[in-house]
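Data block below; observations after.
Read the figures in this text as sums done on the coordinates, not as results from a lab. From a predicted model like this one, the values you see are computed outputs, not experimental measurements. As a convention, Cβ positions derive from the backbone with ideal geometry for all residues, glycine included, and neighbour counts pool all protein chains shown.
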Amino acid sequence: MLKLAFCKQPDLKQWFVRNEVNLFRYRFNKMSSKGKIRFFELSKFNLESIEKGEITGELEANLNDCSNITTASAKTWYRIPWTQVGRLVTRRSIFIDEGKAYVPEEDLIEFVVGKFRSECNRWLAGLAKKFDVMMENEQERLVPILKSFGNTIADADFSSTEGRLTINSIETMRKTSLPPCIRQLLDALQVDNKLKHDGRVHLWAFFKAAGMPLEDALKFTFTRMTAYANPEKEFKYNVRHVYGKEGGGKGVGAYGCSTKIKALPVEGQYQGCPFKHQRNLKQQLRNWGVKEVDIDKIKKKADDGHYQVACNQFFKSTHKDKEEKLDLITILHPNNFFDQSFDWNTGEHKLLKAEDTAKSEAMETSTYEPAWETTLPMSQAEKESQSQKEFEQDDFMEE
Ligand code: SF4
């Protein structure tokens, strides 16, 4: 069911795969050595192990150098095509010769995770192709269930209601509710009074999805992009085009996290994700009012490549109250950040409302029967403890 709900949109697909991969990694790390060996046998990976006697002389020196160790010959090594251990290659912690990476046993997880990631992508791509046909006769049965996944439904476009963001509210929202990637664009605009092409389009597309009226977006552009000789003449058509009022199309959809994370902004461009691209992230977080105690945690997540997790922590750090509920928030898209923040700050967030509903039900029934057991989502700690119990029941787990 989750695969169906997440298979259509690239952003949702990537978010789903990332979380499946994290879960797989966690479960794999929990396996006993015996379990891992059995897993490799069942998976039929046909790994090419390297004979101990081969690891001598120059090869041994290269393996020691790349792994920063002095005991390469004491380890078990495997030869794997380098394209299948991308993460190790990116870390530059691996020796490659003739297209083959030399992977020590303890790093085999990167190979396994890579395989798992490809499989996940393959399932989802297959489902996406069949989705429309599969749902043809499911409008009453499955489609409503998929819609119950909130704004992660298959055709989610993350659009807010018209007028949620306006030229009058943008300065307040900038401090309270706009996602870091959009704050970054606005910060740059404030300093330079201009943005390069990609930054402008990302900003206008965000405005449109955040419900900013076209007139406000035009006014904002003309009054803020003043480094250009005639912003009205230069950008009126472009803003209207993004809003779908020119060019005969539907306009430009708001850019998602994966597009921003994958962007390669050069000097003077700001359309990326700050958790990936911001060189001085700590100072930037301070400027945005993140509590000192949270800055290292966010930076660590960003350094480890968990950009959306870092963004979740940013959200948690910059929103008040009900910490256990903030733990349950997941950011899927910059406009989803904005909507969730707006709802949170106005008390309209579904997690807050779920609590109110549960409380009022308990009060209504308390005169004649015990309070209902609520079905609120589990806290992070509860989820982890439950997952732990489930994992421990797994065949491959240590006794
Ligand atoms: S994770 Fe997504 S919403 Fe958060 S800053 Fe990066 S691109 Fe924006």
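Would you mind ranking SER33, SER159 by Cβ crowding within 10 Å, fewest neighbours first? Intermediate results must be reported in sequence, preceding the final value.
Details: SER33 9, SER159 16.
Final ranking by Cβ density, sparse to dense: SER33, SER159.
By the equivalent-ellipsoid construction on the alpha carbon gyration tensor, the stretch 11-114 comes out with semi-axes of 26, 17, 12 Å, ordered largest to smallest. Scaled against the 2.2 N^0.38 Å expected of a compact globular protein of N residues, the Cα radius of gyration of the stretch 49-100 reads 1.08. Here the Gaussian network model covers the chain, with springs between Cα atoms less than 10 Å apart; of THR259, THR330, THR172, THR172 fluctuates the most.
Springs between Cα atoms under 10 Å define the GNM used for the chain, and in it the highest mean-square fluctuation of LYS208, LYS301, LYS44 occurs at LYS44.
What are the semi-axes of the equivalent ellipsoid of the chain, taken as the square roots of 5 times the eigenvalues of the Cα gyration tensor, listed largest first and rounded to whole Å?
41, 31, 22
Straight-line cross-link reach from LYS8 at under 17 Å between alpha-carbon atoms covers these lysines, not counting any fewer than eight positions away in the same chain: LYS129, LYS130, LYS147.
Quick one: P(r) of the stretch 188-335 from all Cα-Cα pairs, 5 Å bins, percents rounded to integers, in order of increasing distance. For the stretch 188-335, the pair-distance distribution reads 2, 9, 16, 18, 18, 16, 11, 7, 3, 1, 0.
Given +1 at the Cβ of Lys and Arg, -1 at the Cβ of Asp and Glu and no other charges, the dipole of the chain around its Cα centre is 1340 debye to the nearest 20.
Are there any chymotrypsin sites (Phe, Trp or Tyr not before Pro) in the stretch 202-268 that are in a DSSP loop and have at most 16 other Cβ atoms within 10 Å? List them by number.
On the way: sites: TRP204, PHE206, PHE207, PHE220, PHE222, TYR228, PHE235, TYR237, TYR243, TYR255; in loops: TYR228, TYR243, TYR255.
When the chymotrypsin sites (Phe, Trp or Tyr not before Pro) of the stretch 202-268 are filtered for loop state and at most 16 Cβ neighbours within 10 Å, TYR228 remain.
Between ASP294 and LYS196, the modelled label-to-label distance comes to 3.0 nm, taking each label 7 Å out from Cα in the direction of the beta carbon. Where does the chain land at 222 nm, in deg cm²/dmol rounded to the nearest 500, when only DSSP H runs of n ≥ 4 count, each adding -39500 (n - 2.57), divided by all residues? Calculated from helices alone, the mean residue ellipticity at 222 nm is -17500 deg cm²/dmol.
How high is the relative contact order of the stretch 11-114, in percent, with contacts defined as C-alpha pairs under 8 Å that are six or more residues apart?
On the way: 89 pairs, mean separation 25.8, N = 104.
It rounds to 25 percent for the stretch 11-114.
Panel note: the C-alpha atoms of the stretch 56-195, placed on their principal axes, show extents of 70, 54, 22 Å (largest first). With 31 Å as the limit on Cα-Cα distance, the pairs of LYS196/LYS353; LYS233/LYS299; LYS3/LYS353; LYS250/LYS320 that go past it are LYS196/LYS353; LYS233/LYS299; LYS250/LYS320. Does anyone have the angle between helix 214-224 and the longest principal axis of the chain? Alpha-carbon axes, 0 to 90°, nearest 10? So the helix axis and the longest Cα principal axis differ by about 80 degrees.
Which FRET efficiency value, to the nearest 0.05, do you get for TRP123 and ASN280 by plugging their Cβ-Cβ distance into 1/(1 + (r/R0)^6) with R0 = 41 Å? Spell out each step's value before the answer.
Details: r = 40 Å, r/R0 = 0.97.
With a Förster radius of 41 Å, E is 0.55.
Rounded, prolate or oblate: pick one for the stretch 185-239, where a ≥ b ≥ c are the square roots of the eigenvalues of its C-alpha gyration tensor, a/c under 1.5 means rounded, and failing that, prolate if a/b is larger than b/c, else oblate. Oblate, since a/c reaches 1.5 and b/c is not below a/b. Considering only VAL293, THR56, ILE182, and ranking their Cα positions along the charge dipole of the chain that arises from unit charges at the beta-carbon of Lys, Arg, Asp and Glu, the one farthest toward the positive end is ILE182. Residues considered: HIS197, HIS333, HIS349. Largest GNM mean-square fluctuation over the chain, using C-alpha springs under 10 Å, is found at HIS197.
Working from label points 7 Å from Cα in the Cα-to-Cβ sense, the THR330 to ASN22 distance is 0.9 nm. Counting Cα-Cα pairs of the stretch 113-247 in 5 Å increments starting at 0 gives whole-percent bin shares of 2, 9, 15, 17, 13, 10, 11, 10, 9, 5, 1, 0.
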